[in-house]
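The values are calculated or read from the model by the stated rules, or taken from the named source; none is laboratory data. For clarity, every value in this text was computed on a predicted model and none was experimentally measured. Cβ placement follows ideal geometry from the backbone for every residue including glycine, while neighbour counts extend to all protein chains displayed.
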Ligand code: FBP
């Protein structure tokens with residue numbers, strides 16, 4: 001990037017705001033242990049897989065006697081999975097922290113994600129280089145990837161490279177699967193007697209890596225603000241042209257946090273929440289009928305336009321399709337290389353169809369061919385269906401338009417139906433981080449450095465009180481194993497971090513449920529506009545609405 005935009009240059013000069021405790025000299029910050037957090041379930045199994053990491057306490061950084069050492073650290077860092085705005089600032093916070101501990105400390109960036117550690121591909125991140133990345137989006141400083149470190153060979157290779165490079169610590173910046181990698185590595189290093197502290201950082205635009213201690217993963221704030229700007233513009237276009245229904249699929253993998261946040265930001269006519277659909281056991285036909293009824297109700301008012309938000313993972317939550325996907329997963333896992341060698345499309349579809357039991361085979365055959373094909377595509381390295389590639393918004397358009405024709409014939413719908421489909425995902429992952437994400441990420445990187453200084457291996461950086469101004473944030477860390485459970489992946493039982501889905505009993509969903517009927521009929525959209533980086537904090541520093549609702553602020 002030779003020519004930089006004025007905003008790009010201006011962002012270099014931004015100084016992230018940090019929790020007050022970070023203004024103390026490092027030796028005056030201590031890690032105060034609090035309660036031991038245990039996983040919700042599968043405790044015994046997890047204890048046997050992670051004998052050295054299980055049952056540790058959460059910690060909070062407070063003023064006090066910290067670690068006096070001025071040791072020069074060699075720290076490795078990995079960016080893992082899909083990009084999320086602020087990753088470069090995590091690296092900046094980490095870099096500034098270890099250099100403050102000792103200017104001779106070194107930061108080594110593994111190239112292209114976890115595979116960089118396995119294959120020994122790395123570069124040293126120095127101050128000049130980092131200056132070009134502060135407060136910018138993307139993961140391009142070292143690149144990212146989705147390789148999973150789990151086989152004995154991968155763990156051993158990672159160990160060998162960590163030792164060869166003299167690493168004192170390794171920081172894995174990633175989502176649920178990548179932090180699972182971090183926990184496995186931490187346990188492996190302990191078992192090998194290697195003094196390498198492994199620390200995780202909660203990243204993912206999906207917002208599903210959260211709990212009482214991790215209030216939000218980084219990147220969510222920026223991504224939802226970018227999507228909300230686009231949705232708000234579309235809402236205004238819809239009510240200007242008054243001729244299209246816009247079906248907007250939003251990234252977020254399984255959880256509907258992104259859809260929910262964007263719904264609060266823009267007040268669309270319909271926002272589907274996958275978790276509710278699953279809880280109510282709604283079939284595809286029922287979802288379609290609900291949408292068609294809402295379209296008919298607006299048409300009766302002369303409003304043949306509207307906006308519908310569809311979460312990316314919806315398809316996996318529709319009970320009959322969820323069961324179908326689980327069966328396809330098992331078939332793919334059992335067939336192994338036989339399936340991998342099949343060309344995409346007809347060959348994969350026929351293979352799957354020939355192995356499905358009669359009832360699910362009938363459902364599979366009823367789906368549009370494009371959706372059948374997409375359901376058969378390879379799983380990601382973690383065994384997940386690649387939901388971003390399934391065109392759920394088009395599936396819904398097709399089925400809703402069929403249903404509206406039936407309703408027309410029955411005389412229950414008198415409108416006209418024309419539509420546009422959209423998918424917003426990649427648009428929001430690499431934007432310049434919002435001030436919230438710029439501040440949060442820098443603080444996460446600095447917290448990771450503190451976890452390293454205190455030798456807290458197997459921990460993930462966690463910052464609380466995020467709806468308050470940064471100086472009131474409460475930084476600390478929690479053991480990664482405490483967030484795990486056992487799930488079936490690639491046909492096997494594996495320890496993984498439990499995805500946090502939208503809580504239907506939580507404050508954000510309840511608030512949404514109270515207002516959505518009003519939104520369905522009105523065209524009173526909310527237009528959030530674009531992210532503002534400079535100006536009054538009431539415009540530049542407002543955290544996500546769901547975070548505010550959760551914290552009553
Ligand atoms: P992470 O969980 O790695 O943060 O990924 C988030 C995400 O953007 C999902 O919302 C989406 O389903 C997926 O990545 C798409 O990734 P890819 O382009 O690698 O298929």
Within segment 400-409, can one find any residue that is within 11 Å of the ligand (Cβ to nearest atom), assigned to a helix (DSSP H, G or I) and surrounded by 17 or more Cβ atoms within 10 Å (Cβ to Cβ)? no
List the pairs whose first member sits in segment 232-252 and is within 19 Å of residue 287 (Cβ to Cβ), whose second member is loosely packed, with under 15 Cβ neighbours inside 10 Å, and whose Cβ atoms are under 8 Å apart, counting only residues at least 6 apart or on separate chains? 245/418
Inside segment 414-455, can you point out the residues that are in contact with a strand residue (DSSP E or B) (Cβ under 6 Å, 6 or more places away or on another chain), more than 27 Å from residue 551 (Cα to Cα) and away from the ligand (no atom under 16 Å from the Cβ)? 419, 420, 421, 452, 454, 455
Considering (1) crowded, with 21+ Cβ neighbours inside 10 Å; (2) under 28 Å from residue 105 (Cβ atoms), say which one residue 216 fails and leave the rest. (2)
Quickly run through segment 134-171 and pick out the residues that are within 20 Å of residue 92 (Cα to Cα) and either surrounded by 23 or more Cβ atoms within 10 Å (Cβ to Cβ) or more than 25 Å from the chain's Cα centre (by Cα) (or both). 135, 136, 137, 139, 142, 144, 167, 168, 169, 170, 171
Give me a count of the residues in segment 28-56 that are at pLDDT below 95 and not in a loop (DSSP other than H, G, I, E, B). 10
Selection count where residues are assigned to a loop (DSSP other than H, G, I, E, B), closer than 19 Å to residue 491 by Cα and away from the ligand (no atom under 16 Å from the Cβ), scope segment 343-383: 2
Of (1) at pLDDT below 95; (2) surrounded by fewer than 20 Cβ atoms within 10 Å (Cβ to Cβ), residue 129 satisfies every one except (1)
Sole exception among (1) within 16 Å of the ligand (Cβ to nearest atom); (2) part of a loop (DSSP other than H, G, I, E, B) for residue 177, by number: (2)
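Residue-wise test of (1) crowded, with 23+ Cβ neighbours inside 10 Å; (2) out of contact with any helix residue (DSSP H, G or I) (no Cβ under 8 Å at 6 or more places or on another chain); (3) in the same structural domain as residue 306 (by TED's automatic domain parsing); (4) not in a helix (DSSP H, G or I).
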{"position": "190", "(1), (2), (3), (4)": "no, yes, no, no"}
{"position": "205", "(1), (2), (3), (4)": "yes, no, no, yes"}
{"position": "208", "(1), (2), (3), (4)": "yes, no, no, yes"}
{"position": "212", "(1), (2), (3), (4)": "no, yes, no, yes"}
{"position": "229", "(1), (2), (3), (4)": "no, yes, yes, no"}
{"position": "236", "(1), (2), (3), (4)": "no, yes, yes, no"}
Kindly evaluate residue 308 against the criterion of being under 28 Å from residue 525 (Cα atoms), assigned by TED's automatic domain parsing to the domain that holds residue 401 and not in a helix (DSSP H, G or I). yes
Selection over segment 118-153 where residues are part of a helix (DSSP H, G or I) and over 27 Å from residue 206 (Cα atoms) yields a count of 7
Counted residues in segment 193-203 being buried (at least 24 other Cβ atoms within 10 Å of the Cβ), more than 8 Å from the ligand (Cβ to nearest atom) and either modelled with pLDDT under 95 or under 14 Å from residue 437 (Cβ atoms) (or both) come to 2
Which one is nearest to the ligand (Cβ to nearest atom) among residues in segment 41-70 that are exposed (fewer than 14 other Cβ atoms within 10 Å of the Cβ) and farther than 24 Å from residue 19 by Cα? 41
Residue within segment 248-257 that is part of a helix (DSSP H, G or I) and surrounded by fewer than 24 Cβ atoms within 10 Å (Cβ to Cβ) present: no
Residue satisfying condition, being under 30 Å from residue 204 (Cβ atoms), within 16 Å of the ligand (Cβ to nearest atom) and surrounded by fewer than 24 Cβ atoms within 10 Å (Cβ to Cβ), within set 325, 315, 277: 325
Looking at (1) part of a helix (DSSP H, G or I); (2) over 19 Å from residue 395 (Cβ atoms), which one does residue 292 not meet, given that it meets all the others? (2)
Would you kindly identify the helices (runs of 4 or more DSSP H) lying entirely within segment 451-552 that contain at least 1 residues that are at pLDDT 95 or above and surrounded by fewer than 16 Cβ atoms within 10 Å (Cβ to Cβ)? 507-521, 537-540
Residue, farthest from residue 204 (Cα to Cα), within segment 58-92, restricted to residues that are without any contact (Cβ under 8 Å) to a residue 60 or more places away in the chain and in a strand (DSSP E or B): 63
Mind listing whichever residues of segment 71-90 are within 13 Å of the ligand (Cβ to nearest atom) and touching a strand residue (DSSP E or B) at 6+ places or on another chain (Cβ under 7 Å)? 78, 79, 80, 81, 84, 86, 87
